[in-house]
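The values are calculated or read from the model by the stated rules, or taken from the named source; none is laboratory data. Only a predicted model underlies this, so the values are computations on that prediction, with no experimental measurement involved. As a convention, Cβ positions derive from the backbone with ideal geometry for all residues, glycine included, and neighbour counts pool all protein chains shown. Surface areas here come from the heavy atoms of the whole protein model, side chains and all, with no ligands, DNA or RNA. Shrake-Rupley method; radii C 1.70, N 1.55, O 1.52, S 1.80 Å.
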Amino acid sequence: MADGGSCSSHEYRSPHHSDRKKAMAELGNGKKQASPEEVHPRKAFGWAAKDKSGVLSPFAFSRRSEPLRFLFSIDIRYVSNLFVYLVIFLQMVDVLSVVYTFLCLRQIINLCILLIASNIVLLIPYYFCRNTGADDVTIKILYCGICHSDLHTAKNEWSNAIYPMVPGHEIVGVVTEVGQNVQNFKVGEKVGVGCIVNSCLSCQNCNRDYENYCPRIILTYNSLDVDGTMTYGGYSNMVVVNQHFVIRFPENLPLDKGAPLLCAGITVYSPLKEHGLDVPGKHLGVVGLGGLGHVAVKFGKAFGMKVTVISTSLKKEKEAIERLGADAFLVSSNAEQMQAAMGTMDGIINTVSADHSIAPLAFLLKTHGKMIMVGAPEKPLQLPIFSLILGGKTLAGSCIGGIKATQEMIDFAAKNNITADIELIPISYLNEAMERLTKADVRYRFVIDIGNSLTEA
């Protein structure tokens, strides 16, 4: 089983999918659009995919500077003053004009009376930009991890790409500027940005710290921002993000090896915590040993659990046990090993994004055991239902995590010396890295050295 590193499936459509399609249609119809360099006042540069070949090249663009929807409220007392202004106006014109004007404005006057009687406040949408918004944090990017979903999206394998696209949602760097309302971050501090840069912050999910499930989630790249422009990711020199979505990095957590935790780390940490698979002494199975799987082993061991890696490749056994600290290793194609392990696991986290059989894995679970899917196979999986019914077992899915959980995960990782195993690359090697990623030729995560290798084209 090849380990995957993404939480989106081929069939996934974001809440803004139709908006994306509309934007793409406008571009295709030749509708005049502002260039990426002109959309926002902050100039930026990075590497972008221009078409579904997925080949990336230098790209100049601009960053949003907190485009806000500002609601200008008109208080009732100001509505009442409208009558005073009308009286003054009527005194300044002749009688015929008074009659004509009164007829034209009668509906407005009646509306004002209704508003006052109903004690209603008028709100008028108003859009504006400023260099650094009051709630903004501007970040100089130093490192950005390469997630497998970057590859899928750049090649439009999920049919949702809008080009040009700057991928990257495992961003770490240093704060260079903060808005006037920002209290928790200061210039010079080390911070990170994961998969989310905005959400409504008012729905049921947001109020429960599940911004990752907000119906109006705005992703770090290839997503429509609040002003209708595209978001661009971390394969670039800087980013401007609302303070709510910025993650503080502890001093002892290396930025380069910590970057992949902002996607891979939270993708496995969140479901383990949510489903009670963080209890010392419990038995955790990790299916797939790649970008997600190797981090899942580390978190499982830090929780004090017994960890068994399940893989199709016998070659990974030594790596899993001797280097990552797993307690046991199963080859999924070995019927004797799988038979011996039936009914022994409290939970399984399944990181595989290739086509594979679920039933043999479900039989490894104890009664009421849980299997959490975090990989995203391109094709629908077959599920023999009796593998769940017999034993009251649960099959669940999970996609990244909320901001509170992400900060908790980063702090836990720093305390327990958990980092991703990475290969650090200059941005000039980006396309070669993407090609290697298609062959799973990386142990276990590529990270781009943005700070030392990205120069403006």
Rg to Rh quotient for region 354-394, alpha carbon positions, Kirkwood Rh = 0.96
Is the shape of region 274-371 rounded, prolate or oblate, going by the alpha carbon gyration tensor and its root eigenvalues a ≥ b ≥ c, with a/c under 1.5 for rounded and a/b larger than b/c for prolate?
-> rounded
Charged-residue dipole, Cβ positions (Lys, Arg, Asp, Glu), region 233-306 about Cα centre, Debye nearest 20 = 240 debye
By accessible area (1.4 Å), largest first, T138, T344, T455 order as T455, T344, T138
Report the accessible area of Y213, computed with a 1.4 Å probe over the heavy atoms of all protein chains in place, in Å² rounded to the nearest 10.
-> 100 Å²
Counting only residues 5 or more places away or on other chains, whose amide H sits under 5 Å from the amide H of L381 once H atoms are built in the peptide plane?
-> none
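Relative to 2.2 N^0.38 Å, what does the C-alpha radius of gyration of region 195-337 come to as a ratio? Two decimals please. Show your work: numbers first, answer last.
Working: Rg = 18.4 Å, N = 143, 2.2 N^0.38 = 14.5 Å.
Compactness ratio reported: 1.27.
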Size of charge dipole - region 318-362 - debye, nearest 20, with Cβ of Lys, Arg +1 and Asp, Glu -1, no other charges = 40 debye
Looking at the square roots a ≥ b ≥ c of the eigenvalues of the Cα gyration tensor of region 158-279, which shape do they give, rounded for a/c under 1.5, prolate if a/b is larger than b/c, or oblate?
-> rounded
Directionally averaged shadow of region 380-454, computed from the convex hull of its alpha-carbon atoms, nm² = 8.9 nm²
Under the Karplus curve 6.51 cos²θ - 1.76 cosθ + 1.60, θ = phi - 60°, whole-Hz ³J(HN,Hα) for region 403-419, x wherever Gly or Pro sits = 5, 4, 5, 5, 5, 4, 5, 4, 5, 5, 4, 5, 5, 10, 6, 9, 9
Considering the Cα trace of region 411-457, what is its radius of gyration and what is Dmax, both in angstroms?
-> 13.2, 40
Hydrodynamic radius (Kirkwood) for region 323-418, which is based on Cα pairs only, to one decimal in Å = 15.2 Å
Compute the signed sum of charges (Lys and Arg +1, Asp and Glu -1) over the other residues within less than 13 Å, Cβ to Cβ, of R248.
-> -1
Which of F61, F386, F45 is most accessible, then next, and so on - probe 1.4 Å = F386, F45, F61
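Loop only per DSSP, at most 14 neighbouring Cβ atoms within 10 Å: give me the GluC sites (Glu not before Pro) in region 423-457, ordered by residue number.
Loop-located and lightly packed - E456.
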Taking amide H positions as placed 1.01 Å from N in the peptide plane, with prolines and chain starts having none, which residues 5 or more places from V307, or on another chain, fall under 5 Å of its amide H?
-> L284, D327, A328
Plugging the Cβ-Cβ distance of L201 and R248 into 1/(1 + (r/R0)^6) at R0 = 25 Å yields, to the nearest 0.05, a FRET efficiency of 0.85
Could you give log10 I(q)/I(0) at q = 0.28 Å⁻¹ for region 171-224, computed by the Debye formula over C-alpha point scatterers of equal weight, without solvent?
-> -1.01
